[in-house]
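Computed from the coordinates by the stated procedures, all read-outs in this text should not be read as laboratory data. Just so we're clear, the structure is a prediction, and the values are computed from it rather than from any experiment. Here the Cβ positions follow ideal geometry from the backbone for every residue, glycine too, while neighbour counts run over all protein chains shown.
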């Protein structure tokens, strides 16, 4: 029989080599080329963080150890069930069925724009018109006004 003292415990079992060949340089956010998610940003730190609007899973069953141990009865699960809603078929006129709602418009655009910057980069007061250039996605969460702006092409060739 082997003596339990022959086996190392905790940190005695494994220590990285002292020449730093096994120690990671940086455990921070991955660079875009190292991930499968492409958000159109060159620098990972340009992206902001938008916290959830409410706590997740706090009121769900199974959050506490006691609830996990006892489980959830079938009646409780059925009570929480939400039936699938039926999507009404549209009449092809607009946004509502059975009404003359807002007509679908080809001038609205499908692609969302990024940050809009004036020709003078917003540094000077201009009194002529409202023009701007799309300088790309900001990375943080867009405000409702920014998210509502879409790109409308000048010609059909611009959609490509």
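Tell me the label-point distance for the pair residue 145, residue 81, using the 7 Å Cα-to-Cβ offset, in nm and rounded to one decimal.
Inter-label distance under the simple model: 4.7 nm.
Once fully extended, how much extra length lies between residue 121 and residue 70, figured as 0.36 nm per residue of separation less the alpha-carbon to alpha-carbon distance?
In short, 12.2 nm is gained.
Would you list 79, 112 from fewest to most Cβ contacts within 10 Å?
Neighbour counts put them in this order, fewest first: 79, 112.
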